[in-house]
Structures are given as C-alpha cells and as structure tokens.
Amino acid sequence: TELLAYVESQLSEQRYAHTIRVLNTAIKIATNLDVDLEALKIACITHDMTKEDKSWTENMMREIGINDEQIIAQPHLWHGFTSAYRLKNDFGIKNEQILDAVRYHTIGSPDFDLVGKVLYIADYIEPNRKQARNFNIANENELNEFLLTIVKEKIDYFESKKFTYHKNILLLEQVLSF
C-alpha cells in the first residue's frame, strides 16, 4: 500500500523491520479479540513513522502545541504525537482509534481501546525485544491482565533506573487494576 511504502522510505532498515515485527505480533495478539484489524494494521505500520526524522519532529512538536512538560522534556516520546499528526494531516486518517493508538504508544493512555492496547503490547514484546515472550490471549480480560503486567514491568524498570515516566502510565495502571 501507499502508506506502507511511505513508512518504509522514512525508516532505516532496522526500524522498518521492527515495524513489521510489531505488526505481526499485534495480529497474533488480536486473533481472539473483536478488534478492527484494518485500524490495528494502520496503527502498527505507522506508529514509528516519524521517529527517525528528528528535525521535522522537533519543529512539529512546536507547531502541534504540545504543552505537557513531561513530554516536552523527553524527545524520545515525541514521535507518537508527530506520527499521529502526519497521519491525520498528510494522509487524511481521521479514525481516532488509529490516531490515539499511535499518539500514545510511547506513554500509554487510560483511554486506550483495543487497538491502542494491542499496539502498546506488541511494541513492547515484539520478537527482537528483550521483553519478548510467548502469549496466548483468549479474550479481552486476558488482554487487560497481560497489559497490566507489562505496565507494572515498565513502572518497576523506570523506578529502578530512576527514570522519569509519564503520568499516563500510572493512570493506565489504575484503570486496569479495577
């Protein structure tokens, strides 16, 4: 497709290979879920589309008007927001499921729907990541349990390294814990 070709042209071979692994992992996760597969595929293919275009990303962050100090202070988080911006403005994608999944794939969101949850998990556990693992998700409850495990792992890791993390991950943990 046009979008896949565009993403491939924007990413290094390694980053593009990661993107395809995320896509394949997400499709496996979604096997038993009632998720919009087309939306999921678009979100997976485009989640890192601006990650390697650092100067454009920096300029776009100013134009988009992100005021969240936690995000502004951490440039490695910006590509989710700028990729969603590019999807909407350059490719005419209006589906908020897709845009929110891409926008928040780096920081999580307490408002994640299935597309967002599956992308967040797949990006974390794709086969080349050290967090890669086997999984068998039979339903949405098991997806939420798996997501909660990953969120807790991330929080523990950030705290052990004394890294700053975005408040959204704590809000996501709270939503999943009830």
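The values are calculated or read from the model by the stated rules, or taken from the named source; none is laboratory data. It should be emphasised that the depicted structure is a prediction, and the values quoted were computed from it without experimental measurement. In this analysis, Cβ positions are derived from the backbone assuming ideal geometry, glycine residues included, and neighbour counts consider all displayed protein chains. These area figures cover heavy atoms from the full protein model, side chains too; ligands, DNA and RNA do not enter into them. Shrake-Rupley method; radii C 1.70, N 1.55, O 1.52, S 1.80 Å.
Tallying residues that are among the charged types (D, E, K, R) and in contact with a Leu (Cβ under 7 Å, 6 or more places away or on another chain) within the stretch 131-153 yields 1.
Name the one entry in D48, D111, D100 that is open to solvent by less than 50 Å² (accessible area, probe 1.4 Å), acidic (D, E) and under 16 Å from the mean Cα position of the chain (by Cα).
D48
Evaluated against (1) under 14 Å from the mean Cα position of the chain (by Cα); (2) open to solvent by less than 70 Å² (accessible area, probe 1.4 Å); (3) within 19 Å of N128 (Cβ to Cβ); (4) not aliphatic (A, V, I, L, M), S12 falls short on exactly one condition, (1). For the stretch 60-74, state whether one or more residues are among the basic types (K, R) and crowded, with 22+ Cβ neighbours inside 10 Å. Within the stretch 60-74 (the criterion being among the basic types (K, R) and crowded, with 22+ Cβ neighbours inside 10 Å), the answer is no, since none of the residues qualifies.
This table checks each residue for (1) over 22 Å from L143 (Cα atoms); (2) in contact (Cβ under 8 Å) with a residue 40 or more places away in the chain; (3) of a type in the set (F, W, Y); (4) in contact with a strand residue (DSSP E or B) (Cβ under 6 Å, 6 or more places away or on another chain).
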| residue | (1), (2), (3), (4) |
| --- | --- |
| C44 | no, yes, no, no |
| T50 | yes, yes, no, no |
| E58 | yes, no, no, no |
| Q70 | yes, yes, no, no |
| T82 | yes, no, no, no |
| A101 | no, yes, no, no |
| Y120 | no, no, yes, no |
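Just one of the numbered conditions (1) closer than 29 Å to Y6 by Cβ; (2) of a type in the set (S, T, N, Q); (3) part of a helix (DSSP H, G or I); (4) in contact (Cβ under 8 Å) with a residue 24 or more places away in the chain is not true of N89: (4). State whether one or more residues within the stretch 130-140 are surrounded by 20 or more Cβ atoms within 10 Å (Cβ to Cβ) and at negative phi. Within the stretch 130-140, one or more residues are surrounded by 20 or more Cβ atoms within 10 Å (Cβ to Cβ) and at negative phi. When R86 is tested against (1) farther than 18 Å from D123 by Cα; (2) open to solvent by less than 50 Å² (accessible area, probe 1.4 Å); (3) at pLDDT below 95, just one condition goes unmet, and that condition is (3). Just one of the numbered conditions (1) out of contact with any Phe, Trp or Tyr (no Cβ under 8 Å at 6 or more places or on another chain); (2) polar (S, T, N, Q); (3) surrounded by 14 or more Cβ atoms within 10 Å (Cβ to Cβ) is not true of N168: (1).
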